[in-house]
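The values are calculated or read from the model by the stated rules, or taken from the named source; none is laboratory data. All of these numbers come straight from a predicted model, not from anything done at the bench. As a convention, Cβ positions derive from the backbone with ideal geometry for all residues, glycine included, and neighbour counts pool all protein chains shown.
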Amino acid sequence: MVNTEPLSEYKIMELLAQIPDPDIPVVSIVELGIVRDVQVDDASKVTVTITPTYSGCPAMSVFKEDIRETLLKNGAKEVDIKISFTPAWTTDWLSESTRYKMRKHGIAPPETNSSDPVALFSSGKQKIKCPHCSKTDTNLTSQFGSTPCKAIWFCNSCNQPFEYFKCY
Amino acid sequence: MKTKEAIYTYCLRIADSNLILGQRLAEWCSRGPILEEDLAMTNISLDLFGQAETLYEYAASIKGNNATADSLAFLRVEREYCNRLIVEQPNGDFAFTMVRELLFSSFQKNLYEALYKSNDEMFKGFAGKAVKEAKYHLRHSSEWVIRLGQGTEESHRRTQWAIDELWRYTADMFEMNEVDEELISMGIAPDLKEIQKLWIKSVMSVTAEAGLTIPETPHVIKGGNDGIHTEHLGHILCELQYLQRAHPGASW
């Protein structure tokens, strides 16, 4: 189908909101907060500004390819992707509905505000709520997990391991 | 010295240190004492490579002449590397690696906190992100050093030995030259003497809890800023740069 409607910034955001995070497919790159700005000129040249999550997150290159491909398929003549470092990405940008989706997907969302001094270090006294059974009798298994953004926890109530999206 | 030139060198110092330490930690891949620690060390490695890439790209943009992050990482020789000497030291056992992590990540954390106040927007943005990663690495290594220091007689002995061995390379992290003078005067980089005071405090809070002692080491080894390395860097570069040297321009 040829899309003749000119691309608006609103339409672009709608398109970007359909691109899933490769590691957490229930969450889109817009919900994740990595899309910081979108601009389009009269010649349908689109500039998307994104911010990295973790310095070495391999998903970043996938994000870029997906953004380019989606926009070119939907009427953009040219796509320029800029990387911005300020303000630094934080999990504080995750909305309640995004956190809800993560929990449904079996990933415990960050529980504190990133400015909390213990935010990054959920080890110790803080207990993370199990996304499967919602109990808090849980323990940290490993500070590092399958992706840079997650730690591994274990729930003693339902005897299941689960991933915790680190507060960052 | 011109400011741009100083920023270029400063980027290389941090990026080289991160690249070499990342390479060292990646050597643990499939050899970790437990699966979780195997993952931890390679995750830390990934953070360090990401940080290095950001600063190599910044350095390449200053250098021009078709320089890229890859050309800086893969096509410079040993004497052109200005990483801190501590990061090139071999992994040793797990205690040795954790002590090196503690000493270096507490340096990084304090350095990045200071760079977050830099007048250079790029350094500021970089540090705002990287400091969170450094803090996480510091917490990880601190917990292990405490656990090993308070653990068995054997784990305590090995951890103390690692501190005694590595301490001679710590002064090198705070060495300054005309690059620092220029950047300090422009409000771009911090005075490393100040960072050293913060560093020793954070290291000693961990070693005290772990029951470990800081050695009196009159013998100090320096040279990272001038590209004068220990024997180990050349061997790391052989492995790290092999592909680009054997097949120039190879990509995937």
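A compact table of results
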| read-out | value |
| --- | --- |
| Contacts under 9 angstrom Cβ, first residue in segment B:240-252 being within 11 Å of B:LEU75 (Cα to Cα) and in contact (Cβ under 8 Å) with a residue 12 or more places away in the chain, partner among the hydroxyl-bearing types (Ser, Thr, Tyr) and surrounded by 10 or more Cβ atoms within 10 Å (Cβ to Cβ), 6 or more apart | B:GLN244/B:SER71 |
| Entirely in segment B:1-96, the helices (runs of 4 or more DSSP H) that have 3 or more residues that are free of Cβ contacts under 8 Å to residues at least 40 places away in the same chain and surrounded by fewer than 18 Cβ atoms within 10 Å (Cβ to Cβ) | B:35-63 |
| Residues located in segment A:83-105, provided they are under 17 Å from A:CYS57 (Cβ atoms) and more than 12 Å from chain B (Cβ to nearest Cβ) | A:TRP93, A:LEU94, A:MET102 |
| Any hit, segment B:100-113, residues being at pLDDT 95 or above and not in a helix (DSSP H, G or I) | no |
| Subset of segment A:48-63 [surrounded by fewer than 17 Cβ atoms within 10 Å (Cβ to Cβ) and within 14 Å of chain B (Cβ to nearest Cβ)] | A:THR49, A:PRO58, A:SER61 |
| In segment A:64-82, residue farthest from the other protein chains (Cβ to nearest Cβ) [restricted to those that are crowded, with 20+ Cβ neighbours inside 10 Å and in a helix (DSSP H, G or I)] | A:LEU71 |
| Among (1) surrounded by fewer than 19 Cβ atoms within 10 Å (Cβ to Cβ); (2) closer than 30 Å to B:ALA134 by Cβ; (3) more than 14 Å from chain B (Cβ to nearest Cβ) - the single one A:LEU32 does not satisfy | (1) |
| Index of the failed condition, B:GLU37 passing every other in (1) among the charged types (D, E, K, R); (2) within 14 Å of chain A (Cβ to nearest Cβ); (3) under 23 Å from B:ALA171 (Cβ atoms) | (3) |
| Flag for A:TRP89 being surrounded by fewer than 19 Cβ atoms within 10 Å (Cβ to Cβ), of a type outside the set (S, T, N, Q), in contact with a Gly (Cβ under 8 Å, 6 or more places away or on another chain) and modelled with pLDDT under 95 | no |
| Filter pass, B:LYS124 being among the charged types (D, E, K, R) and closer than 30 Å to B:SER61 by Cα | yes |
| Members of segment A:129-153 that are more than 20 Å from the chain's Cα centre (by Cα), more than 7 Å from every other protein chain (Cβ to nearest Cβ) and closer than 22 Å to B:GLY32 by Cα | A:ASN139, A:LEU140 |
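To keep it simple, each residue is scored yes or no on (1) under 28 Å from B:ASP226 (Cβ atoms); (2) surrounded by 17 or more Cβ atoms within 10 Å (Cβ to Cβ); (3) not polar (S, T, N, Q).
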{"residue": "B:LYS124", "(1), (2), (3)": "yes, yes, yes"}
{"residue": "B:LYS132", "(1), (2), (3)": "no, yes, yes"}
{"residue": "B:SER142", "(1), (2), (3)": "no, yes, no"}
{"residue": "B:GLU153", "(1), (2), (3)": "no, no, yes"}
{"residue": "B:ALA171", "(1), (2), (3)": "yes, no, yes"}
{"residue": "B:MET176", "(1), (2), (3)": "yes, no, yes"}
